[in-house]
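Asks: I have a structure I would like to understand better, so I am pasting it below and will then ask my questions one at a time.
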Amino acid sequence: MTADVWLPIPADEIEGLPDAVETGLNYRFWDGGQDFPADPGDCGFYAVPYMKGTEVAVRPLAAMTRLRVVQTLTAGVDYIEPGLGSLPPGVRLCNARGVHEASTAELALALVLASLRGIPRFVEAQRREEWHAGFYPALAGRSVLIVGYGSIGAAIEDRLVPFECARVARVARSARTTERGAVHALTDLPELLPEADVVILSTPLTPATHHLAGAGFLSRMKDGALLVNVARGPVVDTGALLKEVESGRITAALDVTDPEPLPAGHPLWHAPGVLISPHVGGSTSAFMPRARRLLAGQLTRYTAGEPLRNVVLTTG
């Protein structure tokens, strides 16, 4: 085959890529800059720039008439989906399953522990040279509900195991059974939410999960419960969340927000009981080695005509 491959990482920084001369591939580096690296019409494999947003991600798609593969470096693909309608039939969309599980699960646990143990309060107290002794909530003995039990949700549960939680319940789009136990369907949430001390959102953003954590969802959470969102901002109805946290009934730890980035002056910044991190669940030192391995592996399969991994959908 002869085709361009657009990569958001320079090809000479990715070990294990198929040889360009042997395969006829032309590696082009594009990380979302204004100018394209070559004619989009010659691109057969498009690895989407990481964390550059929908406008950048979809900008070349309409002109990519020879495209066969779109590879994201994110677990979620919601930001690229608006441009898929312009693609020819048969284009495979692949996500980055296997790249972000460790980092996102690590942050989810950090947000839970920081919120329960009062770390933000301690940081502020240190600046004021104040000593706040006392008893604080622990994760041990708590009931945790993971909403979105894919690879990231499972990785979160892996990290909860040593913390002696009283119970971990799992929810996904449809019910199934795993080695760890039952996974409930989304329709079971009304019965599960009142039992959870900590609710962790790790679900993809789809029409079914947009504002999943709305007024009804949040009202069913028990008094004093903690909501943790490492999914996508619009999975939570921001207005409904603000009403709950401002009343002091629940607390929240958010790695993602709606809107995002959260603008200066937004009430979430100073809402009581809210801890915010700037969408860094997957952006750690663990990301780049895994991203490089994913790209090298996918392109090796692509050139060999082998099935690709992580195929989310095929245009038709």
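Asks: Using the structure shown, decide if Arg220 is surrounded by fewer than 19 Cβ atoms within 10 Å (Cβ to Cβ) and more than 29 Å from Ala175 (Cβ to Cβ). So that I can check it myself, show each step before the final result.
Replies: Values: surrounded by fewer than 19 Cβ atoms within 10 Å (Cβ to Cβ): yes; more than 29 Å from Ala175 (Cβ to Cβ): no.
No.
Asks: Within region 67-84, is there a residue that is more than 25 Å from the chain's Cα centre (by Cα), crowded, with 18+ Cβ neighbours inside 10 Å and either at negative phi or among the small types (Gly, Ala, Ser) (or both)?
Replies: We begin by selecting, within region 67-84, every residue more than 25 Å from the chain's Cα centre (by Cα); these are 67.
Among the residues that remain, those that are also crowded, with 18+ Cβ neighbours inside 10 Å are: 67.
After this cut, where a residue has to be either at negative phi or among the small types (Gly, Ala, Ser) (or both) as well, the list is 67.
Checking region 67-84: at least one residue is more than 25 Å from the chain's Cα centre (by Cα), crowded, with 18+ Cβ neighbours inside 10 Å and either at negative phi or among the small types (Gly, Ala, Ser) (or both).
Asks: If we only count strands (runs of 3 or more DSSP E) wholly inside region 178-261, which ones have 3 or more residues that are touching a Phe, Trp or Tyr at 6+ places or on another chain (Cβ under 9 Å) and among the basic types (Lys, Arg)?
Replies: Values: elements: 181-185, 198-201, 226-229, 251-254.
Where strands (runs of 3 or more DSSP E) fall fully within region 178-261, none carries at least 3 residues being touching a Phe, Trp or Tyr at 6+ places or on another chain (Cβ under 9 Å) and among the basic types (Lys, Arg).
Asks: Separate question: From the list Leu87, Leu111, which one is of a type outside the set (Ser, Thr, Tyr), in the same structural domain as Leu186 (by TED's automatic domain parsing) and surrounded by 14 or more Cβ atoms within 10 Å (Cβ to Cβ)? It would help to see each step written out before you state the result.
Replies: Working: Leu87 fails: in the same structural domain as Leu186 (by TED's automatic domain parsing).
It is Leu111.
Asks: Are any residues in region 122-158 surrounded by 15 or more Cβ atoms within 10 Å (Cβ to Cβ) and of a type in the set (Val, Ile, Thr), and if so, which ones?
Replies: Residues satisfying the conditions are Val144, Ile146, Val147, Ile152, Ile156.
Asks: Let me ask another. Identify, please: which residue in region 279-304 is β-branched (Val, Ile, Thr) and in a helix (DSSP H, G or I) and is, among those, farthest from Val256 (Cα to Cα)? So that I can check it myself, show each step before the final result.
Replies: Step one: of region 279-304, the residues β-branched (Val, Ile, Thr) are 280, 284, 300, 303.
Then drop every residue that is not in a helix (DSSP H, G or I), which leaves 300, 303.
Working: Thr300: 34, Thr303: 36 Å.
Checked region 279-304; the qualifying residue farthest from Val256 (Cα to Cα) is Thr303.
Asks: Among what's in region 1-29 and is assigned to a loop (DSSP other than H, G, I, E, B) and more than 17 Å from Met288 (Cβ to Cβ), pick the residue that is modelled with the lowest pLDDT. I'd like the intermediate steps shown before the answer.
Replies: Filtering region 1-29 down to residues assigned to a loop (DSSP other than H, G, I, E, B) leaves 1-2, 8-10, 14-19, 24.
Now restrict to residues that are more than 17 Å from Met288 (Cβ to Cβ): 1-2, 18-19, 24.
Numbers: Met1: 54, Thr2: 65, Pro18: 97, Asp19: 95, Gly24: 91.
Only one residue fits best here, namely Met1.
Asks: For region 36-69, which residues satisfy the criterion of being under 19 Å from Thr23 (Cβ atoms) and either among the β-branched types (Val, Ile, Thr) or touching a Ser or Thr at 6+ places or on another chain (Cβ under 6 Å) (or both)?
Replies: Val69
Asks: Something else about it: If you scan region 86-104, which residues turn out to be under 11 Å from Ile152 (Cα atoms) and of a type in the set (Val, Ile, Thr)?
Replies: Selection gives Val99, Thr104.
Asks: Let me ask another. Given the conditions (1) hydrophobic (A, V, I, L, M, F, W, C); (2) surrounded by fewer than 23 Cβ atoms within 10 Å (Cβ to Cβ); (3) farther than 27 Å from Thr74 by Cα, report the number of the one that Ala225 does not fulfil.
Replies: So the condition that Ala225 fails would be (2).
Asks: For Arg68, indicate whether it is among the basic types (Lys, Arg) and closer than 26 Å to Thr209 by Cα.
Replies: Details: among the basic types (Lys, Arg): yes; closer than 26 Å to Thr209 by Cα: no.
Judged against the criteria, Arg68 is not a match.
Asks: Return yes or no: is Ala264 part of a loop (DSSP other than H, G, I, E, B) and among the aliphatic types (A, V, I, L, M)? Walk me through it before giving the result.
Replies: On the way: part of a loop (DSSP other than H, G, I, E, B): yes; among the aliphatic types (A, V, I, L, M): yes.
Taking the combined requirement at face value, the residue satisfies it.
Asks: Among (1) exposed (fewer than 12 other Cβ atoms within 10 Å of the Cβ); (2) more than 24 Å from Asn26 (Cβ to Cβ), there is one condition Ala271 misses while meeting the rest; what is its number?
Replies: So Ala271 meets the others, but not (1).
Asks: Being in a helix (DSSP H, G or I) and among the hydrophobic types (A, V, I, L, M, F, W, C) is the filter here; which residues of region 67-103 pass it? Break it down into steps so the answer makes sense when it comes.
Replies: Taking region 67-103 and keeping what is in a helix (DSSP H, G or I), we get 81-86, 101-103.
Matches in region 67-103: Leu84, Ala102.
Asks: Still on this structure, please answer the following. How many residues does region 39-65 hold that are surrounded by fewer than 17 Cβ atoms within 10 Å (Cβ to Cβ), acidic (Asp, Glu) and farther than 22 Å from Arg232 by Cα?
Replies: 1
Asks: A further question on this structure: Restricting the search to region 159-188, which residues are in contact with a helix residue (DSSP H, G or I) (Cβ under 7 Å, 6 or more places away or on another chain), surrounded by fewer than 16 Cβ atoms within 10 Å (Cβ to Cβ) and within 15 Å of Ser143 (Cα to Cα)?
Replies: Answer for region 159-188, where residues must be in contact with a helix residue (DSSP H, G or I) (Cβ under 7 Å, 6 or more places away or on another chain), surrounded by fewer than 16 Cβ atoms within 10 Å (Cβ to Cβ) and within 15 Å of Ser143 (Cα to Cα): just Arg159.
Asks: On the given criteria, is Pro289 free of Cβ contacts under 8 Å to residues at least 60 places away in the same chain, under 30 Å from Pro10 (Cβ atoms), touching a His at 6+ places or on another chain (Cβ under 9 Å) and not hydrophobic (A, V, I, L, M, F, W, C)? Break it down into steps so the answer makes sense when it comes.
Replies: Details: free of Cβ contacts under 8 Å to residues at least 60 places away in the same chain: yes; under 30 Å from Pro10 (Cβ atoms): yes; touching a His at 6+ places or on another chain (Cβ under 9 Å): no; not hydrophobic (A, V, I, L, M, F, W, C): yes.
The answer is no for Pro289.
Asks: Just checking, which of Leu73, Leu67 is touching a strand residue (DSSP E or B) at 6+ places or on another chain (Cβ under 8 Å) and closer than 22 Å to Ser202 by Cα?
Replies: Numbers: Leu67 fails: closer than 22 Å to Ser202 by Cα.
The unique qualifying residue is Leu73.
Asks: Is there a residue in region 12-28 that is in contact (Cβ under 8 Å) with a residue 40 or more places away in the chain, buried (at least 20 other Cβ atoms within 10 Å of the Cβ) and polar (S, T, N, Q)? Show your work before the answer.
Replies: Here is the first cut: in region 12-28, the ones in contact (Cβ under 8 Å) with a residue 40 or more places away in the chain are 13-18, 23, 25.
Restricting the remaining residues to those that are buried (at least 20 other Cβ atoms within 10 Å of the Cβ) gives 17, 25.
Remaining after also requiring polar (S, T, N, Q): none.
Within region 12-28, not a single residue is in contact (Cβ under 8 Å) with a residue 40 or more places away in the chain, buried (at least 20 other Cβ atoms within 10 Å of the Cβ) and polar (S, T, N, Q).
The values are calculated or read from the model by the stated rules, or taken from the named source; none is laboratory data. Source: prediction; values computed, not measured. Note that each Cβ is placed from the backbone with ideal geometry, even for glycine, and that neighbours are counted across all protein chains shown.
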